[in-house]
Amino acid sequence: MAHPSGEPAGTDTFPALCGHTHLFPGARCRVQGLPDPDAFVAAPRPLDVDLRFSDGVLVAARLGTEPGEGPALVLSVPAHTTAAGTRIDERAWRVRDLVVREGADVELVVGALPRS
């Protein structure tokens, strides 16, 4: 089965709990089940995540890297609809912070990508 990004779906898909019904600059999601959270924070690698928003909506997304001055981690989220019926367009979000939290979850904080 292909991932929404067009890449083949890998076996490394991890749940990520989001505290809101949608993403915005400053929104936080907790990626769960990473085998070595400290190593991931030190050297992030691309992986698939299943974003579960606070309204119960589940969206398959991709954490990937973007070239530049030091690779940036980017969360690519396909278009989806909230439980209340609000349509959210496809969007790529720069991950501006990664922190290991209690329980070994990796919390990511999203920020906007610069417009080209």
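The values are calculated or read from the model by the stated rules, or taken from the named source; none is laboratory data. Nothing here was measured: the structure is a model prediction, and the numbers come from that model. As a convention, Cβ positions derive from the backbone with ideal geometry for all residues, glycine included, and neighbour counts pool all protein chains shown. Remember, those area values only see protein heavy atoms, side chains included, never the ligands or the DNA or RNA. Shrake-Rupley method; radii C 1.70, N 1.55, O 1.52, S 1.80 Å.
Taking the stated definitions as given, is PHE24 touching a Cys at 6+ places or on another chain (Cβ under 7 Å), open to solvent by less than 70 Å² (accessible area, probe 1.4 Å) and over 17 Å from ASP12 (Cβ atoms)? The answer is no for PHE24. Does region 45-68 include one or more residues that are open to solvent by 70 Å² or more (accessible area, probe 1.4 Å), modelled with pLDDT of 95 or more and of a type outside the set (Lys, Arg)? Yes, there is a match, as at least one residue in region 45-68 is open to solvent by 70 Å² or more (accessible area, probe 1.4 Å), modelled with pLDDT of 95 or more and of a type outside the set (Lys, Arg). Across region 93-107, a minimum of one residue is classified as of a type in the set (Asp, Glu), at pLDDT below 95 and part of a strand (DSSP E or B). Annotation note: of ALA39, ALA83, the sole residue that is open to solvent by 20 Å² or more (accessible area, probe 1.4 Å), at negative phi and in a helix (DSSP H, G or I) is ALA39.
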